[in-house]
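Data block below; observations after.
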Amino acid sequence: MIKIKRAYEDYADDDGFRVLVDRLWPRGLSTADAHIDTWLKNAAPSAELRKWFGHDPERWTEFRRRYRHELAGRGDDLAELKNKAALGTLTLIYAAKDVDHNNAVVLKEALEE
């Protein structure tokens, strides 16, 4: 099972293996409070794509297309995440405020294909 969750939400026992999938550490969050098992920066969108998107919902469709293109070149990272999901619950952690338009949503879609 693959779940997504904001970094600022409380940790839960059923989160399983928690992976931060942002390129930047969540602002104002301590490592102790984050309960992150690993930080996979390479699974995040490039800095250029992240800045271009700017969490603008009007750019969502194009962001998804561009990010999926970037993910296509990161097979090892995707394989690592798929392997973790096969062993139990995998929770992709992100910091964005928008729960519907963020990189974790796209990454989850890619992992579930």
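The values are calculated or read from the model by the stated rules, or taken from the named source; none is laboratory data. Only a predicted model underlies this, so the values are computations on that prediction, with no experimental measurement involved. FYI the Cβ positions are ideal-geometry reconstructions off the backbone, even for glycines, and counts take in every protein chain you see. For the accessible areas, the whole protein counts, side chains as well, though only heavy atoms, and no ligand, DNA or RNA atoms are used. Shrake-Rupley method; radii C 1.70, N 1.55, O 1.52, S 1.80 Å.
In this structure the amide hydrogen of Arg18, modeled in the peptide plane, comes within under 5 Å of the amide hydrogens of Asp37, Thr38, Thr91, none closer than 5 places in sequence on its chain. Other residues whose C-beta falls under 14 angstrom from the C-beta of Leu29 contribute a net charge of +1, scoring Lys and Arg +1 and Asp and Glu -1. Apolar share of the accessible surface for the stretch 9-113: 47 percent from carbon plus sulfur atoms, 1.4 Å probe.
Among 72-78, 102-108, what's the highest-first ranking by average C-beta atoms within 10 angstrom per residue? Can you show the working numbers first?
On the way: 72-78: 13.0, 102-108: 23.0.
My ranking of the peptides, most packed first, is 102-108, 72-78.
Cross-link partners for Lys5 among the aspartates and glutamates, with Cα-Cα distance under 15 Å and sequence neighbours closer than 8 places in the same chain left out: Asp13, Asp14, Asp15, Asp22, Asp33, Asp37, Asp98, Asp100, Glu109. Taking a sphere under 14 Å around the Cβ of Lys3 and counting the other residues whose Cβ falls inside, with K and R at +1 and D and E at -1, yields a net charge of -3.
Over all orientations, the chain has a Cα convex hull whose mean projected area works out to 6.5 square nanometres.
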